[in-house]
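Enquirer: Let me give you the structure first, and then I'll get to my questions.
The values are calculated or read from the model by the stated rules, or taken from the named source; none is laboratory data. Please read all numbers here as calculations on a predicted model, not as lab measurements. Counting neighbours? That spans all protein chains shown, and the Cβs are built from the backbone with ideal geometry, glycine included. The protein model used for the area step is the full one, side chains on, heavy atoms only, and it has no ligands, DNA or RNA in it. Shrake-Rupley method; radii C 1.70, N 1.55, O 1.52, S 1.80 Å.
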Amino acid sequence: MTRLLWYPLMASLLLGVASHSDINQIPQDHFEMELNTSQLFANLEKFTTANLAQANREINEKTALNLVWKLPEVQRKAKEIERLSKGSIRVAAIVDASPTLDEPYYTVRVFEDEPDHNTTIYWFRVLSPSGKIQVLDILENKYITLEEWKEQLKR
């Protein structure tokens, strides 16, 4: 009978001691809790800022524009249009959008710059920070890799 009473009593005592040590780990007042969370957010903010700064250093708007403009396919198309229009239509490129957290790329538009309007020829995305280029496949309405696009041009 003593065992019947002794074992549950000892188990309760051990659980109570273990719970008490866990409770002591919990912050005792509101100020200590605020301090812990503010340290956590400060560390998170440093990490995010460092990543964004590093991404911005690796590629900028001018680099993205030059990567697209110097593509042989873009240069070939520009020369072809200027030749066929006898110089009256020029081809240009512009950065339409810069990277955001949701869309980490530059959007570059290549277009015919006519006197009374502009006509888009190609849409590109230059991924930041890698500099990889994607091209809008207008038939599928999705971006594809540069290699896939070059294969399509060969057909």
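Enquirer: So who's got an amide H within less than 5 Å of the one on Y105, skipping anything under 5 residues away but keeping other chains? H placed 1.01 Å off N, in plane.
Expert: Amide H to amide H, under 5 Å and 5 or more residues apart or across chains, Y105 pairs with T100, S128.
Enquirer: Continuing with this model, one more query. Residue by residue through segment 116-133, which ³J(HN,Hα) values in whole Hz follow from phi under the Karplus form 6.51 cos²θ - 1.76 cosθ + 1.60 (θ = phi - 60°), with glycine and proline marked x?
Expert: Working through the residues one at a time gives 9, 6, 10, 10, 6, 9, 9, 10, 10, 10, 10, 5, 10, x, 6, x, 5, 10 Hz.
Enquirer: Per residue of segment 73-79, in order, report the coupling 6.51 cos²θ - 1.76 cosθ + 1.60 (Karplus, θ = phi - 60°) as ³J(HN,Hα) in whole Hz, putting x for Gly and Pro.
Expert: Couplings: 5, 5, 5, 4, 5, 4, 5 Hz.
Enquirer: So how much accessible area does R90 have, in Å² to the nearest 10, using a 1.4 Å probe?
Expert: Per-residue accessible area (R90): approximately 130 Å².
Enquirer: Report the local net charge at Q152: Lys and Arg +1, Asp and Glu -1, summed over other residues whose C-beta lies under 13 Å from its C-beta.
Expert: -2
Enquirer: Let me ask another. Show me, for segment 134-139, the HN-Hα J-couplings you get by feeding each phi into the Karplus relation (A = 6.51, B = -1.76, C = 1.60, θ = phi - 60°), rounded to Hz, glycine and proline as x.
Expert: Rounded to whole hertz, the list is 10, 10, 6, 8, 5, 6.
Enquirer: Figure the gain on full extension for E140 and N66 (residue separation times 0.36 nm, minus the Cα-Cα span) and round it to one decimal in nm.
Expert: Length difference between fully extended and current span is 24.0 nm.
Enquirer: Grab the other residues whose beta carbon is less than 12 angstrom from that of Y143, score K and R as +1, D and E as -1, and report the net.
Expert: Every neighbour counted, the sum reads -1.
Enquirer: Residues in segment 113-147, backbone N under 11 Å from the label point at E58 (7 Å along the Cα-to-beta-carbon vector): list them, ranges by number please.
Expert: Once the point is set 7 Å along Cα→Cβ of E58, 127-132 turn out to lie under 11 Å by backbone N, inside segment 113-147.
Enquirer: Next question, about the same structure. Report relative contact order for segment 85-155 in percent, whole number only (criteria: Cα-Cα under 8 Å, sequence separation at least 6).
Expert: 19 percent
Enquirer: For Y143, enumerate residues with amide H under 5 Å from its amide H, sequence gap 5+ or separate chain, H modeled in the peptide plane.
Expert: D137
Enquirer: From largest accessible area down, sort D113, D137; use a 1.4 Å probe on the protein chains.
Expert: D113, D137
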